[in-house]
1. Quick one: how many residues across segment 183-196 are of a type in the set (Ser, Thr, Tyr) and away from the ligand (no atom under 16 Å from the Cβ)?
2. Scanning segment 192-206 for residues that are part of a strand (DSSP E or B) and farther than 17 Å from residue 238 by Cβ, which turns out nearest to the chain's Cα centre (by Cα)?
3. For the list (1) at pLDDT below 95; (2) in contact with an Asp or Glu (Cβ under 9 Å, 6 or more places away or on another chain); (3) under 18 Å from residue 212 (Cα atoms), I need the number of the one condition that residue 39 fails.
4. All but one of (1) in a loop (DSSP other than H, G, I, E, B); (2) crowded, with 18+ Cβ neighbours inside 10 Å; (3) among the hydrophobic types (A, V, I, L, M, F, W, C); (4) within 29 Å of the chain's Cα centre (by Cα) hold for residue 267, so report the exception by its number.
5. Would you confirm whether any residue within segment 200-212 is closer than 30 Å to residue 339 by Cα, aliphatic (A, V, I, L, M) and not assigned by TED's automatic domain parsing to the domain that holds residue 140?
6. Name the residue, out of 149, 142, 190, that is in contact with a strand residue (DSSP E or B) (Cβ under 7 Å, 6 or more places away or on another chain), aliphatic (A, V, I, L, M) and surrounded by 17 or more Cβ atoms within 10 Å (Cβ to Cβ).
7. Filter segment 86-113 down to the residues that are among the small types (Gly, Ala, Ser) and more than 10 Å from residue 146 (Cβ to Cβ) and list them by number.
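The values are calculated or read from the model by the stated rules, or taken from the named source; none is laboratory data. All of these numbers come straight from a predicted model, not from anything done at the bench. Heads up, the Cβs are rebuilt from the backbone with ideal geometry, glycines too, and the neighbour counts pull from every protein chain shown.
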Amino acid sequence: MASIEFAQVTQSFNKNVIIKDLNLKIEDGKFTVLVGPSGCGKTTLLRMIAGLDPQTSGSVLINGKDVTRIAPGQRGVAMVFQNYAIYPTMSVRENIEFGLKNNKVGKEERNRLVESICETVGLKPYLDRKPSTLSGGQRQRVALARAMVKKPSVFLMDEPLSNLDAKLRVQMRIELIEMHKKLGTTFVYVTHDQVEAMSMADTIVLMNHGQIQQMAAPEVIYRQPSNLFAAQFIGVPPMNIGDLGVDGAKFGFRPESAVLSVEPLDAHYTVRGIVATREMLGSETIYQVKAGQEAFMIKCTEDRFSVDQEVYLGVDATKLFFFGADENRIDPADARYGEYMRALKGQRHG
Ligand code: ATP
């Protein structure tokens, strides 16, 4: 197990600054997920931990020790990539024990380690099979097992599930959570998929343009997003945002926080609109309601409205968010919060 720390780290490629003065502490034994849009620098961070691309300046510390001058193989980290390169000509067992053989681990110990890890990832019945005879999920498990068998103190994963179909991805997410629980190793997982981040992380590190937007437990980011970016990146559909018309500020509410009705509503924020689209997803229906210049996504557990129907939309005061012109969320303790709440009530119509 190990903690990881970035201290004033900058990373540039050909004079392009990708990460600037980054400070970040990843806790020992936790499942930390780095999430953010494509190109925001997630893989760059992972590669710095692994030692594959040393940082331009600043320090990376593993367990409090500066690893800048330590070679990738000596850092006690293992990495699994999206295109899990397993050797097609080797059996599952040979793939998994390959690194152990290289490290001159004896045959008996190798067998013990391989069998124990295969028990953990559910590969025991497939030990003598070739990768070509395995499903995508089983192959991904071989890649995970091969990394785990070396008992790294840090386990780095870069979008390891993105080549799998939707159903298998959900299953592998659960398996990864279980593996993390069993192993107790520090997991650092990169994804651009906020659902993966929400479902697996102890801590989410949300990034954009090489900067950390928020670092917190999934439920904290969801309930108290630090800014507009966090509010709209986490959650499907994303938080609805509208112009407040005061100070360049904005208001927001989650799709599941609004009520729709054919009758006028007695809610703090209420507006009359037209149902523009309806997506019936089984246990819930998502409507897009157009109200003047704004279009809001509303998630309902009941499927009661149809396209082109006139509806009233209402949101309680406790479900509203406000963001300043600087895009940061305004805390209820801030004096502007009450002022904006009143301004929004003044806007009600319908
Ligand atoms: P994705 O989700 O698409 O994988 P990411 O958040 O992991 O994105 P990175 O791969 O870290 O993003 O890339 C961040 C930026 O750094 C990109 O603009 C990329 O082009 C650039 N970059 C990364 N590695 C190199 C490199 N070796 N040389 C030049 N530019 C690089």
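1. Going through segment 183-196 one residue at a time, the tally reaches 2.
2. Narrowing segment 192-206 to residues part of a strand (DSSP E or B): 203-206.
Then drop every residue that is not farther than 17 Å from residue 238 by Cβ, which leaves 203, 205.
Working: 203: 9, 205: 8 Å.
For segment 192-206, the residue satisfying everything is 205.
3. Every condition holds for residue 39 apart from (2).
4. Residue 267 satisfies every listed condition except (4).
5. no
6. 190
7. Listed by number, the residues that qualify are 91, 106.
This table checks each residue for (1) within 16 Å of the ligand (Cβ to nearest atom); (2) over 14 Å from residue 93 (Cα atoms); (3) polar (S, T, N, Q).
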position	(1), (2), (3)
111	no, no, yes
123	no, no, no
142	no, no, no
153	no, yes, yes
157	yes, yes, no
162	yes, yes, yes
173	no, yes, no
181	no, yes, no
